[in-house]
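The structure appears below as structure tokens.
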Amino acid sequence: MSTTSSQSGAGTEVHKGLEGVVAAETSVGDVDGARCQLIYRGYNIDELVGRATYEEVSYLLLEGALPTRAQLNGWMKQLETCRALEPPTLSLLQALPRSAGSMAQLRTAMSCLGLDDSETTDESLDVIRRKAAQAVAVTPTIVAAIARLRSGASPVGPRTGASHAANFLAMLHGREPAPHQARAMDAYFVLLAEHGLNASTFTARTVTGTKSDYFSAITAAIGSLKGPLHGAAGRKAMEMLQEIGAPEHVETYVQKSLVDHKRFMGFGHRVYKGEDPRAKHLKRIAQALGQQANDLRWFTISEQLQAAVWKAKQLAINVDFYAASLLHYLGIPTELFTAMFACARMAGWSAHIIEQASDNRLIRPLANYVGPRGLRFVPLDQRQ
Ligand code: ACO
């Protein structure tokens with residue numbers, strides 16, 4: 001059997017994992033790996049976090065500029081009208097097996113929204129924007145309903161007049177959050193709203209590139225985010241903290257993980273050459289939540305682990321590391337962490353889908369074929 005590396009990509013250098021390949025121009029966001037900065041539509045996230053709400057930031061990402069007071073009121077009204085679950089989605093969630101993970105349930109629910117969509121074949125920009133508002137608004141409602149049904153409780157609907165973040169916490173826990181909890185949730189949503197051409201966003205753009213519909217693109221993005229090397233790392237980070245259990249076990253855990261060549265979840269990044277710029281904000285908020293709850297255990301383990309892994313391997317933390325204790329302090333079940341990520345990223349995915357659809361080009365890379373050639377067909381009965 002002869003093998004050869006020639007094909008239509010013959011002689012071209014292979015960029016495994018598309019590392020270093022520039023596949024699009026975007027004005028949605030910039031992940032500046034060298035300077036460890038994250039920009040949303042021209043604003044460094046350090047400018048936005050704690051000052052702009054998720055409602056303002058989602059508007060910024062989708063429309064390209066921060067809203068005026070009147071525009072923000074209009075956007076919040078639009079979100080409010082889309083926030084409740086329609087009966088078919090609620091029935092679907094009630095019928096899904098409890099044993100299925102929350103990300104699989106969210107993926108199925110999002111696909112169901114597309115099924116229900118009377119404008120599936122209309123992918124004009126106005127229609128995509130309308131679908132984006134629907135998805136941004138309703139995803140936290142779906143996620144809260146999934147969590148409540150999984151624990152045997154009935155879903156709680158949204159209430160008017162509450163923010164996106166406060167509404168989510170109230171729908172999850174069945175009670176109003178304290179103001180500092182709603183602010184923490186809001187900051188989490190802001191910090192995870194957009195992140196350039198990451199795996200799930202690239203997936204969404206690839207689906208949009210075929211002129212498929214908005215909900216197909218979002219459903220595929222959710223499938224991509226589900227993986228432990230991407231969105232599920234936050235959940236794995238929390239499981240790691242729980243496995244460590246106490247600050248005095250950190251050093252032993254690190255040494256054993258090094259011997260076992262085990263990855264530290266919430267550490268390392270493909271693009272950032274130092275610390276993820278979102279991490280310091282998440283760390284500060286997680287610490288404040290821990291102090292308010294009079295329970296700094298998870299924060300302390302995290303801080304010591306951050307120092308120990310840096311000392312042992314010079315590996316910096318990424319977004320998922322302190323997001324884990326932040327979400328835990330907000331009473332969010334670990335199993336739900338990746339779905340929380342999806343709630344936040346709905347704005348970024350949607351902005352990229354709109355950008356891709358506005359100036360579309362089918363996404364179709366090449367591969368270097370390394371299999372055999374020239375084989376002769378052998379009839380079924382003569383094969384050995
Ligand atoms: N723990 C231990 N070692 C690590 C880690 C880690 N978290 N991350 C990278 N390394 C090491 C690798 O072992 C490798 O070392 P080697 O060259 O000696 O084999 C080197 O650093 C390079 O690692 P790669 O996997 O090639 O780097 P890549 O750019 O593909 O990885 C990734 C980026 C996947 C995020 C990686 O750092 C990782 O697996 N991290 C843990 C999972 C995680 O936190 N994912 C969330 C990322 S952020 C997001 O998607 C929201």
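The values are calculated or read from the model by the stated rules, or taken from the named source; none is laboratory data. No experiment lies behind these values; they were computed from the predicted model shown. Here Cβ is always computed from backbone atoms with ideal geometry, including for glycine, and neighbour counts include all displayed protein chains. We work out accessible area using only protein heavy atoms, side chains counted, and drop any ligands, DNA or RNA first. Shrake-Rupley method; radii C 1.70, N 1.55, O 1.52, S 1.80 Å.
List of remarks:
Residue-wise test of (1) assigned to a helix (DSSP H, G or I); (2) modelled with pLDDT of 95 or more; (3) of a type in the set (Phe, Trp, Tyr); (4) assigned by TED's automatic domain parsing to the domain that holds Phe202.
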{"position": "Lys280", "(1), (2), (3), (4)": "yes, yes, no, no"}
{"position": "Ile285", "(1), (2), (3), (4)": "yes, yes, no, no"}
{"position": "Gln291", "(1), (2), (3), (4)": "yes, yes, no, no"}
{"position": "Asn294", "(1), (2), (3), (4)": "no, yes, no, no"}
{"position": "Lys311", "(1), (2), (3), (4)": "yes, yes, no, no"}
{"position": "Ala347", "(1), (2), (3), (4)": "yes, yes, no, yes"}
{"position": "His352", "(1), (2), (3), (4)": "yes, yes, no, yes"}
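Yes or no, residue by residue, for (1) part of a helix (DSSP H, G or I); (2) open to solvent by less than 50 Å² (accessible area, probe 1.4 Å); (3) under 25 Å from Tyr40 (Cα atoms):
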| site | (1), (2), (3) |
| --- | --- |
| Leu90 | yes, no, no |
| Gln105 | yes, yes, no |
| Ser118 | no, no, no |
| Thr121 | no, no, no |
| Val127 | yes, yes, yes |
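- For segment 197-234, a residue qualifies if it is over 20 Å from Glu355 (Cα atoms) and either outside any helix (DSSP H, G or I) or modelled with pLDDT under 95 (or both), and the qualifying residues are Lys226, Gly227, Pro228, Leu229, His230, Gly231, Ala232, Ala233, Gly234.
- Among the residues listed as Ala153, Ala162, Ala166, the single one being away from the ligand (no atom under 16 Å from the Cβ), assigned by TED's automatic domain parsing to the domain that holds Met103, buried (at least 19 other Cβ atoms within 10 Å of the Cβ) and more than 14 Å from the chain's Cα centre (by Cα): Ala166
- Conditions (1) in a loop (DSSP other than H, G, I, E, B); (2) among the hydrophobic types (A, V, I, L, M, F, W, C); (3) away from the ligand (no atom under 16 Å from the Cβ); (4) surrounded by 24 or more Cβ atoms within 10 Å (Cβ to Cβ): number failed by Leu172: (1)
- Ser111 meets all of the listed conditions (1) open to solvent by less than 50 Å² (accessible area, probe 1.4 Å); (2) in a helix (DSSP H, G or I) but one, namely (1).
- Members of segment 235-262 found to be within 13 Å of the ligand (Cβ to nearest atom), more than 17 Å from Ile317 (Cα to Cα) and part of a loop (DSSP other than H, G, I, E, B), listed by number: Asp260, His261
- Residue count for segment 201-234, restricted to those that are more than 16 Å from the ligand (Cβ to nearest atom), more than 21 Å from Ala109 (Cα to Cα) and not β-branched (Val, Ile, Thr): 2
- Checking Ile301 against (1) in contact (Cβ under 8 Å) with a residue 60 or more places away in the chain; (2) within 22 Å of Phe189 (Cα to Cα); (3) open to solvent by less than 50 Å² (accessible area, probe 1.4 Å), the condition it does not meet: (2)
- All positions within segment 11-29 that are closer than 20 Å to Leu66 by Cβ and more than 16 Å from the ligand (Cβ to nearest atom): Thr26, Ser27, Val28
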